[in-house]
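The values are calculated or read from the model by the stated rules, or taken from the named source; none is laboratory data. It should be emphasised that the depicted structure is a prediction, and the values quoted were computed from it without experimental measurement. Don't worry about glycine lacking a Cβ; one is built from the backbone with ideal geometry, like all the others, and counts go over all protein chains shown. In case anyone asks, the SASA skips ligands and DNA or RNA and just uses the protein heavy atoms, side chains included. Shrake-Rupley method; radii C 1.70, N 1.55, O 1.52, S 1.80 Å.
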Amino acid sequence: MGNKFICMSKKDTRYGGIASRSKMGSLSKRRSSADEEFLHKQALAMAIQQHQLSQRFDNGSMSRRLGSTSSRRRAASLSDPFSTTAAKPLPEFLENIKTKKFVLVHGEGFGAWCWYKSIALLEESGLLPVALDLAGCGIDTTDAKYVTTLAEYSKPLIDFLQTLPEDEKVILVGHSSGGACISYALEHLPDKISKAVYLCGTMIADGQRPFDVFAEELGSAELFSPESKSLIYGNGKDNPPTEFVFEKPHLQGLYFNHSPTKDVALAMVSMRPIPLGPMMEKLSLSAEKYGTGRRFYVQTLDDNALSPDVQEKLVRENPPEGVLKIKGSDHCPFFSKPQALHKILLEIAQIA
């Protein structure tokens, strides 16, 4: 399918032998603007295309490598699950990783597309990433107003886990409210999950709601008043609101305060309204199932949507097996600190 970024910025410094600096500067700016728009459109198209491709392969990799030329050269020395040629030796550290399949679960408003950098990095390390769209998210066709429970919201994840071979387990990674979905999975299919990683996630205890975690930062009367522009009444104004959507300036300040401009642009045209029902539902978690799962928490230390203090409170009240931290990361480390997140995921995978 030729998933390659086309380099459009190669400059010719000659104009009839003599180049004007002002003309060259103007040309450079025009080309830079064209590059920005082209790369953004290319990233979005590739994210959607590769997610559609993932539905055709049982090994579930959503994306081929989207990295730079140099990263693709490094990847060439690793095993490619799509290759028909003989497999080459994998890095030695993979011998210490028993579970090589990662299932990446996005947070509120996002979709499988948001993991495109993490997918490329995990694949280049010889691992098997799978990114899923929850119900009503990404390119899933479900109307979000009909997603009223956590069971409905998490159904694509549960369906995927149920299709795994009997002896296969995965490492779940849940971002933000996706943490509630991996808690739900731990409760219902604990035997399919080797480890659960909460990435600035809603690692709530029994009887809590995912929304409770965000109440301090997001639960203002203005955002959730009947007159709020952020609320969507999919069943009419006479019924409770069905969805919530952030206005762009608010979203950028809360979620993307350190994310690259191109990724913010991608998010702005790709995010969908958040189903409210699953966010307001109290989880039922047991000590026998959820309580026996191996949980790890990854804190994002420059997070405006879920403050470090709130994350620390989650860890303190519902202690996981391990806590790791990413400095300089906003609420979306797969955009702002993809390499740091990748390193942490590899560390967790190698823990015996």
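Sorting ASP191, ASP143 by solvent-accessible area of protein heavy atoms yields ASP191, ASP143, largest first, with a 1.4 Å probe.
3J(HN,Hα) along region 294-301: 8, 10, 10, 10, 10, 8, 10, 8 Hz, from the Karplus curve 6.51 cos²θ - 1.76 cosθ + 1.60 with θ = phi - 60°, whole Hz, x for Gly and Pro. Counting 0.36 nm for each residue step from ASP143 to GLN339 and taking away their Cα separation leaves a gain of 67.1 nm.
Annotation: amide H-H contacts under 5 Å for LYS325 (H modelled 1.01 Å from N, sequence separation of 5 or more, or interchain): GLN299. When the charge dipole of region 228-352 is built from unit charges on Cβ atoms (+1 for Lys and Arg, -1 for Asp and Glu) and taken about the Cα centre, the candidate among LEU231, MET279, LEU301 whose Cα reaches farthest toward its positive end is LEU301.
This model, with +1 at the C-beta of Lys and Arg and -1 at the C-beta of Asp and Glu, gives region 140-276 a dipole about its Cα centre of some 340 debye. With 19 Å as the limit on Cα-Cα distance, the pairs of LYS169/LYS289; LYS98/LYS343; LYS98/LYS169; LYS289/LYS325 that go past it are LYS289/LYS325. With a Förster radius of 22 Å applied to the beta-carbon distance between HIS250 and ASP309, the computed FRET efficiency rounds to 0.60.
Only protein heavy atoms count here; on that basis, with a 1.4 Å probe, VAL213 has an accessible area of about 10 Å².
Accessible area of ASP212 (1.4 Å probe, protein heavy atoms only, ligands and nucleic acids ignored): about 70 Å². Taken about its Cα centre, region 225-352 carries a charge dipole of roughly 280 debye when the Cβ of each Lys and Arg holds +1 and the Cβ of each Asp and Glu holds -1. The GLU166 and MET280 beta-carbon pair, evaluated with R₀ = 51 Å, returns a calculated FRET efficiency of approximately 0.90. Solvent exposure of region 299-352, expressed per residue, is 44 Å² of accessible area, with all protein chains present and a 1.4 angstrom probe.
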